[in-house]
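The values are calculated or read from the model by the stated rules, or taken from the named source; none is laboratory data. Just so you know, these numbers come straight off a predicted model, no measurement behind them. Cβ coordinates were reconstructed from backbone atoms using ideal geometry, including for glycine residues, and neighbour counts include every protein chain displayed. Accessible surface is based on the protein model in full, side chains and every heavy atom, while ligands, DNA and RNA are left aside. Shrake-Rupley method; radii C 1.70, N 1.55, O 1.52, S 1.80 Å.
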Amino acid sequence: MSARINYLCALIILWLNLVNAEYSETYGNCNFPEGGEGVCVKLQECRELYDIIKNKRPLYEEDKEYLRNRQCGYFHETVAVCCEPDVASNANFGNNLLPDPSSGMCGIDTSNRIYGGEVTKIDEYPWMVLLRYKKPGNRFGFHCGGVLINNRYVMTASHCVNGRDIPVDWSLHQVRLGEHDTSKNPDCEEDDCAPTPKDILIEDRIPHPNYIPTSRNQRNDIALLRLAETVRFNDFIKPVCLPTASHLRNNDFVGQSMDVAGWGKTESVSASNVKLKVRVNGVSKSTCNSIYSRQNVVIGDEQICAGGEKGKDSCRGDSGGPLVALDNKSPRPYWFCVGLVSFGPSPCGLEGWPGVYTKVSHYISWIQNTVRA
């Protein structure tokens, strides 16, 4: 992690020349390392911490460590820190519950991506989440995936919360953030190692009110999980953006290349220990319906189909995990969640049978009206 520490030190030197600005943006709440809750703001807008950098000479290692521990994310390319609400100027505490893609606070994947391979890098798709279930006999297991959308909420498929295939004696217990290989701790690539993955209890499980577990069509297969504590972001834990822009909300994604990633875990099958990825193309609703009509399934406007190439399907990911794409039309490109893994052919990866995903853009209003500070 020495490269990351050196990068932080370089940023500190740059900040020495900054002029303290008005408090312009927030990114939700954050937790102090010593306990208590603050607001996540740009470093130069938090007087308490900015004064340490501007006025203290020399800057001792304990000062740098204190600053590192207060990091809570990024605003564009500037580190954000956890600040006391009454210390930040013009505090707007509790606003911006969902990150604005234009802020640079979501959908940022800094890994050097290598396409064509299936195994991800340790910091690739930092919004990926594993759902951990508690079973009889005090046993636990990962059986679904999800995606982090802010510092208190994970989005997943409703069938992972109240689906018909979830045994009645299982309970959705925790989420795991920042994981790459479930069989190793720490995860390392050469001399770059990730922190220990973060397990957080689930405070509230919110399936979509119109989801019908027994439905063949699996419409409204989306749910939100409110976490019991505020997530602290780092290079391995970051939220994905939502498709809130009009050109994304009105997109059918037909023919568009998208990524689906995960550990291949479903309600009944545990596959890879390592986070995998696969590239799929969007398929039109009419084509998808012509295929799934053989199973008496009707694909609706709130769903999207992708894939269908032999051996490449969302079975490489998790139930409930995200289908993501890169928005290159934005001045600052970002990754956003197109869909959530819902269902597909069995066995998966059959040629000519695309996977079916819940179309996230259809549910933006429900998400915005459901999340709370």
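Here are a few things to note about the model shown:
- Enumeration of residues in segment 127-145 that are surrounded by 24 or more Cβ atoms within 10 Å (Cβ to Cβ) and not in a strand (DSSP E or B): W127
- For segment 47-89, a residue qualifies if it is at pLDDT below 75 and among the hydroxyl-bearing types (S, T, Y), and the qualifying residues are Y74, T78, S89.
- Flag for R205 being of a type in the set (K, R), more than 27 Å from D123 (Cα to Cα), assigned to a strand (DSSP E or B) and touching a residue at least 40 places away in the same chain (Cβ under 8 Å): yes
- Which listed residue, of P136, P186, is farther than 20 Å from V240 by Cα, without any contact (Cβ under 8 Å) to a residue 40 or more places away in the chain and touching an Asp or Glu at 6+ places or on another chain (Cβ under 7 Å): P136
- Scanning segment 248-266 for residues being out of contact with any Asp or Glu (no Cβ under 8 Å at 6 or more places or on another chain) and open to solvent by 10 Å² or more (accessible area, probe 1.4 Å) gives a total of 8.
- Scoring L227 on the criteria (1) modelled with pLDDT of 95 or more; (2) open to solvent by 20 Å² or more (accessible area, probe 1.4 Å) leaves a single failure, condition (2).
- Candidate set: segment 314-328, residues that are at pLDDT 75 or above and of a type in the set (S, T, N, Q); chosen: the one nearest to V154 (Cα to Cα): S319
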